[in-house]
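Quick note: the coordinates plus some simple rules give every number you see, no bench work behind them. All figures in this text were calculated on a predicted structure; none of them were measured in a lab. Positions of Cβ are backbone-derived with ideal geometry, glycine not excepted, and every protein chain shown enters the neighbour counts.
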Amino acid sequence: MNAKDDLQQRWWDLEAKMVKRFGKKPDLETILFLIGIQEFGQVKDKFTKEQKQDLMHVAVCSLLSNSGYYELEGKDADGWPHFRQLKAMPDMNTFEQENFLKDHILLYFKDHDLAD
């Protein structure tokens, strides 16, 4: 089994756990949204479309901070995390970008004991 196959299997395992917990399979954007809420630390009844996009951005920055691409600068008065980019992202095609994010998401779930 190569690394790509292992990533896919671990991703399917995570999806299966999320289906069991939430009743349906989330897409990548939904998972980023959930991580963004986790990192924001505030649950609201409704988020605006812009806030949802901001939450996904927070998720991506949080995920990639583990690899040294971003650094948390702090939170603003409303509690929104703000990040500073430390280094440029490597050149990747869409498929590679998706797998790069999936790998970081899997690490996030493992590090935060959310995979069970």
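Odds and ends about this structure:
- Sole exception among (1) outside any helix (DSSP H, G or I); (2) under 14 Å from the mean Cα position of the chain (by Cα) for N99, by number: (1)
- Selection of the range 56-98 for residues being of a type in the set (A, V, I, L, M, F, W, C) and without any contact (Cβ under 8 Å) to a residue 40 or more places away in the chain yields M56, V58, A59, C61, L72, A77, F83, L86, A88, M89, M92, F95.
- Unique match (being hydroxyl-bearing (S, T, Y) and closer than 19 Å to F109 by Cβ) among T48, T30: T30
- Selection count, the range 63-104, where residues are among the polar types (S, T, N, Q) and either touching a strand residue (DSSP E or B) at 6+ places or on another chain (Cβ under 7 Å) or exposed (fewer than 13 other Cβ atoms within 10 Å of the Cβ) (or both): 5
- Beta carbons closer than 9 Å, at least 6 apart along the sequence or on distinct chains, pair a first residue in the range 17-34 that is without any contact (Cβ under 8 Å) to a residue 40 or more places away in the chain with a second that is part of a loop (DSSP other than H, G, I, E, B) and of a type outside the set (D, E) for M18/K24; M18/K25; M18/P26; V19/K25; V19/P26; F33/P26; F33/F47; L34/P26.
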